[in-house]
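The values are calculated or read from the model by the stated rules, or taken from the named source; none is laboratory data. Quick caveat: nothing in here was measured; it's all calculated off a predicted structure. Cβ: placed from backbone, ideal geometry, glycine included. Neighbour counts: every protein chain shown. Remember, those area values only see protein heavy atoms, side chains included, never the ligands or the DNA or RNA. Shrake-Rupley method; radii C 1.70, N 1.55, O 1.52, S 1.80 Å.
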Amino acid sequence: MPTPDLDAVVAAGRRAIADAADLDALREAEQAHLARRSPLGEVQRSLGGLDEQARRDLGRRVNQARTTLQAELAARRAELEAERDQALLEAERVDVTLPGRVPPRGAVHPVTRTTDEIVDIFIGLGYRVVEGPEVETDWYNFQALNIAPDHPARSMQDTLYIESGDGRAGELVLRTHTSPVQIRAMQEHGAPLYVIAPGRVYRSDSDATHTPMFHQVEGFMVDSDISFGHLKGVLTHFLQRIFRNDLAVRFRPSFFPFTEPSAEIDIQCVICNGSGKAAEGRGCRVCKASGWLEILGAGMIDPQVFKFVGYDPEQISGFAFGMGVERIAMLKYGIDDIRL
Ligand code: PHE
């Protein structure tokens, strides 16, 4: 049997290991030069056919050759792994100096913003904020406000009745206005009492200017000597603060079951500035060419209401008012469809 040229085997192995360009190639080199079927493996297997002395000599050299190649292999593997990691770091590099993506900022809804503005003006006048339930009893929403059972405001068309626990319909309603908060607040607190009450209200109504749910702000002032002059002064101040300092305001006689006398308050149209005219000789669409916009309902609280809450109408007088927040927001921000 010819003496295998171990030096040549080792030299070939080292070359293959050194030449391996990546980890896959290195695995192939290992397979080719160190596995059982490699030249080195062949030599190792041939040991069995040698006599003892020759086997021991060649065995030792084979072991040396294997150790050498394995050391080379490990060194080259470390090198290639470092190269691979470096390449990965380059490829996946993150530029931490790039500006971040700014998330879009939310904004306060125009209805919320308008409610806050309204409430703030009254807080500045010494009013306190009170809230009431959106599911009301018939008594608070209607009866205590002097709205008799046969009053047209209670008709099925504009009131959302809900069933009470025992299945009976008609005793609970989604409040149709914030006026029941007047009753609740007066029951809870004695006069003098200055209250502003924002909240959601519900009516069975839906078109470009009406939604089934909308917002109102109620307000009232009860004290020992409150006159219609206070009503005019407070509401004129409020309207000029919320719209414009020199805004024209007018008070028209009206009717509400819970106020006497009652008024509807108009402001000069904020779209056409009261002219009633739009561009190109057409009429202003918002005020229907009248130059005026209805904006508030108000009046002196009816003595009958004071009796319902246990106030003495001989001692106490007051005024109340209510307004729709969407309408004011739409005028302030020039929105012509409530559904927007
Ligand atoms: N509650 C009335 C409405 O919803 C408005 C109002 C409030 C009128 C207070 C007078 C006094 O139409």
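Miscellaneous remarks
- Modelled label positions at His210 and Ala32, each set 7 Å beyond Cα in the direction of Cβ, lie 9.0 nm from each other.
- Accessible carbon and sulfur surface of segment 93-160 relative to its total accessible area, %, 1.4 Å: 57 percent
- Descending semi-axes in Å of segment 14-64, equivalent ellipsoid built from Cα gyration tensor: 28, 10, 6
- Charge-dipole axis of the chain as Lys and Arg at +1 and Asp and Glu at -1 on Cβ define it, positive-most pick from Gln315, Ala54, Phe256: Ala54
- Measuring r between the beta carbons of Phe228 and Glu163 and using R0 = 35 Å, the FRET efficiency lands at 0.25.
- Sequence-separation-based contact order of segment 1-115, relative, with Cα cut under 8 Å and 6+ spacing, percent: 28 percent
- Cα gyration tensor shape for the chain, rounded if a/c is under 1.5, else prolate or oblate: prolate
- Cα gyration tensor category, rounded, prolate or oblate, for segment 21-150 with a/c compared to 1.5: prolate
- For segment 44-78 versus segment 163-223, the gap between their alpha-carbon centres in whole angstrom: 97 Å
- Rounded to the nearest 10 degrees, the angle from helix 6-19 to the longest Cα principal axis of the chain is 20 degrees.
- The lysines within cross-link reach of Lys288, meaning a Cα-to-Cα straight distance under 17 Å and a gap of 8 or more places when in the same chain, are Lys277.
- Its relative contact order, with pairs defined as Cα atoms under 8 Å and 6+ residues apart, puts segment 181-340 at 26 percent.
- Structure-based [θ]222 nm, the chain - -39500 (n - 2.57) summed over DSSP H runs of at least 4, per residue, nearest 500: -12500 deg cm²/dmol
- Mean Cα-pair separation over length for the chain, i.e. relative contact order, pairs under 8 Å, 6 or more apart, %: 14 percent
- Surface composition of segment 173-255: carbon and sulfur make up 48 percent of the accessible area, probe 1.4 Å.
- For the chain, built as a Gaussian network whose Cα springs stay under 10 Å, the top-fluctuating residue of Ala329, Ala248, Ala75: Ala75
- An oblate overall shape is assigned to segment 197-284, the ratio a/c of its alpha-carbon gyration tensor axes (a ≥ b ≥ c) being 1.5 or greater and a/b not exceeding b/c.
- With a simple spin-label model that places each label point 7 Å from the Cα along the Cα-to-Cβ direction, the separation between Ala278 and Asp22 comes to 7.0 nm.
- At R0 = 22 Å, FRET efficiency that the Cβ-Cβ distance of Asn245 and Ser290 yields, to 0.05: 0.45
- A 1.4 Å probe run over the protein chains yields, for the chain, 57 Å² of accessible area per residue, whole-number rounding.
- Modelled FRET efficiency - R0 56 Å, Asp51 with Asp85, Cβ distances, 0.05 increments: 0.65
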